[in-house]
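*Asks:* One structure, pasted below without further comment.
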Amino acid sequence: MSGEPLLSIKGLKVHFPTSSGGLFGATRPLKAVDGVDFDVFPGETLGIVGESGSGKSTIGRAVLQLIKPTAGTVAWLGTNIAGFTRAQMKSRRREMQIVFQDPLASLNPRMTAGDIIAEPLDTFEPQIKADERKARVQEMMAKVGLLPQMINRYPHEFSGGQNQRIGIARAMILKPKLIVADEPVSSLDVSIRAQIINLLADLQKEMGVALIFISHDLAVVRHVSHRVLVLYLGKVMEIAESQVLLSRPRHPYTQALLSAAPVPDPEVERGKKRLLIEGDLPSPLDPPSGCVFRTRCPKAQAQCAQDIPALEPRGGASDHLVACLFPD
Amino acid sequence: MASITGAAAPPREIQGRSLWQDARRRLFANKAAVTSMVILAIVAFLSVVMPFVWPHQFDQVYIDRISCPPPDYLGMTAIFGSQADACPSAVGQGHIFGTDANGRDLFIRVMHGGRVSLSIGVTATFVALLIGVLYGATAGFLGGRIDNYMMRFVDVLYALPYIFFVIILVVVFGRNYILMFIAIGAVEWLTMARIVRGQTLSIRRREFIEAAEAAGVSNWGIIRRHILPNVVGPVIVYVTLTVPAVILAESFLSFLGLGVQEPATSWGVLISDGKDQMESYPWMLIFPAAFMVVTLFCFNFIGDGLRDALDPKDR
Amino acid sequence: MTSVLAVKDLAVSFATPEGAVAAVDGVSFSVEKGECVGIVGESGSGKSQTFMAVMGLLATNGKATGSIKFQDQELVGMKIDKLNKIRGSKMCMIFQDPMTSLTPHLKISRQLTEVLVLHKGMSERDARAKAVQMLDRVKIPDAKRRLDQYPHEFSGGMRQRVMIAMALICEPQLLIADEPSTALDVTVQAQILELMQELRSQGDMSIVMITHDLGVVAGLCNRVMVMYAGAFCETAGVDDIFHDPQHPYARGLVGSIPRLDRPGEARLTAIRGQPPNLQHLPMGCTFQERCDFVFERCIAERPALSTFAPERAKACHLKGFDKEGKVVR
């Protein structure tokens, strides 16, 4: 990727205060995101993959300032928008949008599909006439594969996949430069997932929008993304181009993720030797010292408990960054 | 895909069925609720209209017709005794519920009592609704520390024994119609505020609020377009359940002698008076009690019907 | 030899305010001793309700008709106390969310030993020893100590292991697993699948794996049944389903999954349209509106599940698909 990044994240931290119990218990931070750097370039798809508790959704919301970052910079076209007020953010909002995981929950049940899709339009272009508003909504509906005559229907009258199309239409109607897609297919049926994945790819090609595609499913992320970022306990483990990440993963966690994902092919599955990692994700309230992955890492050594590995180009290519003291 | 379905479907716009329309359909399919609405409408209509057209006034005393049973043609002489025997002067005067111990027409007094009870019920509920929704929505929307302080204040008011509160008010200001509203409204809005706050909090966490924020919608826009329409359902249900609670509270206060003052009356006062005469003149208790019980049942059935109709869980 | 489970013409319908909904529409199948059957389908396909009916766990507005024979005993219409002797000891089910299936205020030890004391009349001591042995078997480290902990002290993956231990403790002949790994993280899911695989190779227990994830089925099962709109559309051995699916829906499912082992695939072959509304199923094939090969007969007549090759059956009017994936009418 070359040229100026659309979005440049440096040292992003999001800590949530939690009380440790007891009436006068001191609060200690839950480090949901703890020092993350990455760039997003115009028109590309950056995949963020991680398990629950890795902070992947928090990153998406911090980018859009729906959650205020604790530290770090979020540079949008060169301007740091971290800590912007609501009013300051408003003008940026038309350039960055979000698509949510649960399509039904992300749509107001009392509003028609047309009103939901038009909401960003009502906010940013309140002066447009009713018939133009309707025309633009219907044009968008056709683009995302909804019948334009369904404009007056309510979310509960659509299926899950159609509701996700409504959510995508709402995000796309102002032709934003960036869309954060937070697990957009996880709650959909298998046969619908492919439709939505293809739709996002088509819209990206047509409108040139950049995507941050957040998911726990490495296969889906790999399929849609140009570059993939692997997240663990609020820290970046590895970033690389998606082909490179798949064929030459350097971080033990990436390798474990790749090996854990079940492949829909009985021959491959039978022949596969699983690289199982033990145990569960540690609590983000009390992350391990040194490398956060060391408690489950098959290659952990004494040094891993002391030194925090930096995210460095370790993979041959300059954009293949790995945070591991002993990468393969 | 659009081409295939597009060819089959007419290009005419399809009208959606909103959740409100769904709820209305379900409500009208509920026989108990519909019957209750009809009965309630009749009771309310009678209470409002009868005092204008009935030949007797609610405070008109007929000295020669004290404690007269209902007319014989009602066919209840076995319980009430014969009007012709006990009170020949009342025969043919249209005292269809008989008269009370002061010789006043009981029917019109029940109607008048209904007026008072229903109006207290509706007005106090409206007051509670107004304060409760504003207070609860503010607390729920602002959240954090302000929410905490506001709700602790509600807790403090909850802890005050309200009978005590009413007695103090009555002692200080004397028995007064308006006091009833203040006393009852002061208690009922607390629950309303809690319900609205809880709803607001849970809706605020829903993703479509986040989506609206991401779309740059203002705070006021979020409250108006996204929060209020989704709070209305539970509030309506609670309102229909508050009205009977208020009527009951008023009756209770009147029963204790703290309520409406003679010659004005309410169902509570009538029942209170009736219970003293229960053994010798049972109609003085039976008629007002029947009206009140039927009304309360109706409100509760409507409330249940609304809850079933509005509850999204059964879909 | 008789099958562990033999289901014939099972139909499940639910009474709703909008009328009866047929969730399962006359399915017949059997599960043999020691085999692992995968039931694949989307939400609303009836895959879970089929086995809820087998377990006698349908919601109160649900009704099952047909015949369900567990080791030659008819379960449909069986008295509840007799059914209770079978389920929970000879036939067990584990669910997607382990937290809701464990009682939060009882120690794991109580929940594990209760079945043994109740069903098998074991002494408290023996039951405890057995429970520790079981936790060891599902690879819960430090089993002796963890036995006296409460469910909330276990992580999601560990809780699912406890659930599996609970299901296995009476050594059932049939284990029904309903999306056991769906709620778990990828790395933890791999651990649970590994465990299931081990269990499968250890004894002659039969396993039914209900899932929407074809990847899970591929590694574990020897036979797969694909469900759509309340009926089976294709049943076959696991290799055939993945390499030579003959029903258009099964083909679509296999083609619509992004794969890690095939880089460079540009586009997924999506199945168009939406799953049908069970209340308004078309007269003919339930898949007709989404099928690329639909013809007159599909609209007029619903295809029955019929055997077309040894151990293979499909419910489709098409002849099939050849090796290149071309349709044969």
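*Asks:* Residue check, A:Gly160 against (1) touching a residue at least 12 places away in the same chain (Cβ under 8 Å); (2) out of contact with any Pro (no Cβ under 8 Å at 6 or more places or on another chain), all met but one. Which one?
*Replies:* The single condition A:Gly160 does not satisfy is (2).
*Asks:* For segment C:121-131, does any single residue satisfy the condition of being assigned to a helix (DSSP H, G or I), closer than 23 Å to A:Pro282 by Cα and without any contact (Cβ under 8 Å) to a residue 12 or more places away in the chain?
*Replies:* No, because not a single residue in segment C:121-131 is assigned to a helix (DSSP H, G or I), closer than 23 Å to A:Pro282 by Cα and without any contact (Cβ under 8 Å) to a residue 12 or more places away in the chain.
Every residue, every condition in (1) closer than 30 Å to B:Ile168 by Cα; (2) assigned to a helix (DSSP H, G or I); (3) out of contact with any Gly (no Cβ under 6 Å at 6 or more places or on another chain); (4) β-branched (Val, Ile, Thr), yes or no:
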residue: B:Gly233; (1), (2), (3), (4): no, yes, yes, no
residue: B:Val243; (1), (2), (3), (4): yes, yes, no, yes
residue: B:Glu279; (1), (2), (3), (4): no, no, yes, no
residue: B:Ile286; (1), (2), (3), (4): no, yes, yes, yes
residue: B:Ala309; (1), (2), (3), (4): no, yes, yes, no
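*Asks:* In segment A:201-223, how many are more than 8 Å from every other protein chain (Cβ to nearest Cβ) and either within 14 Å of the chain's Cα centre (by Cα) or assigned to a loop (DSSP other than H, G, I, E, B) (or both)?
*Replies:* Within segment A:201-223, residues that are more than 8 Å from every other protein chain (Cβ to nearest Cβ) and either within 14 Å of the chain's Cα centre (by Cα) or assigned to a loop (DSSP other than H, G, I, E, B) (or both) number 9.
*Asks:* Test A:Gln303 against the criterion of being assigned to a helix (DSSP H, G or I), more than 8 Å from chain C (Cβ to nearest Cβ) and over 30 Å from C:Arg251 (Cα atoms), and give yes or no.
*Replies:* Criteria met by A:Gln303.
*Asks:* Can you find a residue in segment C:79-98 that is without any contact (Cβ under 8 Å) to a residue 24 or more places away in the chain, over 20 Å from the mean Cα position of the chain (by Cα) and assigned to a loop (DSSP other than H, G, I, E, B)?
*Replies:* yes
*Asks:* Let me ask something additional. So which residues in segment A:133-146 are within 7 Å of chain B (Cβ to nearest Cβ) and assigned to a loop (DSSP other than H, G, I, E, B)?
*Replies:* Selection gives A:Gly145 alone.
*Asks:* Further question: Looking only at segment A:28-58, how many residues end up being in a loop (DSSP other than H, G, I, E, B) and within 19 Å of A:Phe293 (Cα to Cα)?
*Replies:* 6
*Asks:* Further question: Picking from A:Pro103, A:Pro109, A:Pro120, which residue would you name as being closer than 30 Å to B:Trp20 by Cβ, within 8 Å of chain B (Cβ to nearest Cβ) and buried (at least 22 other Cβ atoms within 10 Å of the Cβ)?
*Replies:* A:Pro120
*Asks:* So A:Gln149 fits all but one of (1) over 27 Å from B:Leu228 (Cβ atoms); (2) in a helix (DSSP H, G or I); (3) more than 9 Å from chain B (Cβ to nearest Cβ); what number is the exception?
*Replies:* Only one criterion in (1) over 27 Å from B:Leu228 (Cβ atoms); (2) in a helix (DSSP H, G or I); (3) more than 9 Å from chain B (Cβ to nearest Cβ) is unmet by A:Gln149, namely (3).
*Asks:* Further, regarding this structure: Answer yes or no: is there a residue in segment A:59-81 that is assigned to a helix (DSSP H, G or I), at the interface with another protein chain (Cβ under 7 Å from one of its Cβ atoms) and crowded, with 16+ Cβ neighbours inside 10 Å.
*Replies:* Taking every residue of segment A:59-81 in turn, none turns out to be assigned to a helix (DSSP H, G or I), at the interface with another protein chain (Cβ under 7 Å from one of its Cβ atoms) and crowded, with 16+ Cβ neighbours inside 10 Å.
*Asks:* Just to be sure, is B:Gly257 of a type in the set (Gly, Ala, Ser) and under 30 Å from B:Ala44 (Cα atoms)?
*Replies:* When the stated conditions are applied, B:Gly257 passes them.
*Asks:* Another question, if that's okay. I'd like to know if segment C:235-246 contains one or more residues that are over 25 Å from C:Pro310 (Cα atoms), of a type in the set (S, T, N, Q) and touching a strand residue (DSSP E or B) at 6+ places or on another chain (Cβ under 7 Å).
*Replies:* Looking through segment C:235-246, none of the residues is over 25 Å from C:Pro310 (Cα atoms), of a type in the set (S, T, N, Q) and touching a strand residue (DSSP E or B) at 6+ places or on another chain (Cβ under 7 Å).
*Asks:* Also: Say we look at segment A:256-290 and pick out the residues that are over 21 Å from A:Ala305 (Cβ atoms) and among the aliphatic types (A, V, I, L, M); which of these is nearest to the other protein chains (Cβ to nearest Cβ)?
*Replies:* Here the residue is A:Ala260.
*Asks:* Closer than 26 Å to C:Phe287 by Cβ, touching a residue at least 40 places away in the same chain (Cβ under 8 Å), buried (at least 22 other Cβ atoms within 10 Å of the Cβ) and facing another protein chain (nearest Cβ under 9 Å): which single residue out of C:Val216, C:Val208, C:Val226 fits that description?
*Replies:* C:Val216
*Asks:* Do we have A:Val190 as within 10 Å of another protein chain (Cβ to nearest Cβ), touching a His at 6+ places or on another chain (Cβ under 7 Å) and more than 29 Å from B:Asp22 (Cβ to Cβ) here?
*Replies:* The answer is yes for A:Val190.
*Asks:* Filter segment B:220-268 down to the residues that are without any contact (Cβ under 8 Å) to a residue 12 or more places away in the chain and among the polar types (S, T, N, Q) and list them by number.
*Replies:* none
*Asks:* Continuing with this model, one more query. Going through segment A:224-255 one residue at a time, which ones are within 21 Å of A:Thr58 (Cβ to Cβ), within 13 Å of chain C (Cβ to nearest Cβ) and in a strand (DSSP E or B)?
*Replies:* Listed by number, the residues that qualify are A:Val228, A:Val230, A:Leu231, A:Tyr232, A:Met237.
*Asks:* I've got another one for you. Kindly establish whether C:Leu305 is modelled with pLDDT of 90 or more, more than 7 Å from every other protein chain (Cβ to nearest Cβ) and either surrounded by 12 or more Cβ atoms within 10 Å (Cβ to Cβ) or out of contact with any His (no Cβ under 6 Å at 6 or more places or on another chain) (or both).
*Replies:* On the way: modelled with pLDDT of 90 or more: yes; more than 7 Å from every other protein chain (Cβ to nearest Cβ): yes; either surrounded by 12 or more Cβ atoms within 10 Å (Cβ to Cβ) or out of contact with any His (no Cβ under 6 Å at 6 or more places or on another chain) (or both): yes.
Here the answer is yes, as C:Leu305 does meet what is asked.
*Asks:* I've got another one for you. Looking at segment A:26-49, can you tell me whether even one residue there is within 21 Å of A:Leu211 (Cα to Cα), within 14 Å of chain B (Cβ to nearest Cβ), modelled with pLDDT of 90 or more and buried (at least 19 other Cβ atoms within 10 Å of the Cβ)?
*Replies:* For segment A:26-49, residues within 21 Å of A:Leu211 (Cα to Cα), within 14 Å of chain B (Cβ to nearest Cβ), modelled with pLDDT of 90 or more and buried (at least 19 other Cβ atoms within 10 Å of the Cβ): absent.
*Asks:* Taking the conditions exactly as written (buried (at least 22 other Cβ atoms within 10 Å of the Cβ) and of a type outside the set (S, T, N, Q)), does A:Leu281 satisfy them or not?
*Replies:* Considered against the rule, which asks whether it is buried (at least 22 other Cβ atoms within 10 Å of the Cβ) and of a type outside the set (S, T, N, Q), A:Leu281 comes out as yes.
*Asks:* Name the residue that is farthest from the other protein chains (Cβ to nearest Cβ), counting only residues in segment C:171-196 that are part of a helix (DSSP H, G or I) and in contact with a Gly (Cβ under 7 Å, 6 or more places away or on another chain). Spell out how you get there, then give the answer.
*Replies:* Residues of segment C:171-196 that are part of a helix (DSSP H, G or I), as a first pass: C:186-196.
In the following step, the residues that additionally are in contact with a Gly (Cβ under 7 Å, 6 or more places away or on another chain) were identified as C:188, C:191-193.
On the way: C:Val188: 6, C:Gln191: 6, C:Ile192: 11, C:Leu193: 7 Å.
Selected residue: C:Ile192.
*Asks:* Which residue, of C:His243, C:His280, is more than 9 Å from chain A (Cβ to nearest Cβ) and either surrounded by fewer than 22 Cβ atoms within 10 Å (Cβ to Cβ) or of a type in the set (Gly, Ala, Ser) (or both)?
*Replies:* Values: C:His243 fails: more than 9 Å from chain A (Cβ to nearest Cβ).
Just a single option satisfies the conditions, and that option is C:His280.
*Asks:* Among C:Arg297, C:Arg267, C:Arg290, C:Arg302, which is the only one that is closer than 20 Å to C:Ser43 by Cβ, outside the structural domain of C:Gly41 (by TED's automatic domain parsing) and more than 24 Å from the chain's Cα centre (by Cα)?
*Replies:* Details: C:Arg297 fails: closer than 20 Å to C:Ser43 by Cβ; C:Arg267 fails: closer than 20 Å to C:Ser43 by Cβ; C:Arg302 fails: closer than 20 Å to C:Ser43 by Cβ.
From the options C:Arg297, C:Arg267, C:Arg290, C:Arg302, the qualifying one is C:Arg290.
*Asks:* Which residue, of C:Lys323, C:Lys314, is crowded, with 20+ Cβ neighbours inside 10 Å, more than 14 Å from chain A (Cβ to nearest Cβ) and over 30 Å from A:Asp202 (Cβ atoms)?
*Replies:* From the options C:Lys323, C:Lys314, the qualifying one is C:Lys314.
*Asks:* Among the residues of segment B:198-213, is any closer than 30 Å to B:Val260 by Cβ, touching a residue at least 60 places away in the same chain (Cβ under 8 Å) and of a type in the set (D, E, K, R)?
*Replies:* no
*Asks:* Then there's this: Mind telling me which of the residues B:Gly221, B:Gly174, B:Gly185 ends up being surrounded by fewer than 19 Cβ atoms within 10 Å (Cβ to Cβ), away from chain A (no Cβ under 14 Å) and either more than 17 Å from B:Val133 (Cα to Cα) or at pLDDT below 90 (or both)?
*Replies:* Just a single option satisfies the conditions, and that option is B:Gly174.
*Asks:* Could I ask something else about it? Can you pull out the residues in segment C:80-132 that are small (Gly, Ala, Ser) and under 17 Å from C:Arg145 (Cα atoms)?
*Replies:* Just the residues of segment C:80-132 that are small (Gly, Ala, Ser), to begin with: C:88-89, C:101, C:109, C:121, C:123, C:127, C:129, C:131.
Selection gives C:Ser109, C:Ala127, C:Ala129, C:Ala131.
The values are calculated or read from the model by the stated rules, or taken from the named source; none is laboratory data. Source: prediction; values computed, not measured. A quick note on method: Cβ atoms are made from the backbone with ideal geometry, for glycine too, and the neighbour counts reach across all protein chains shown.
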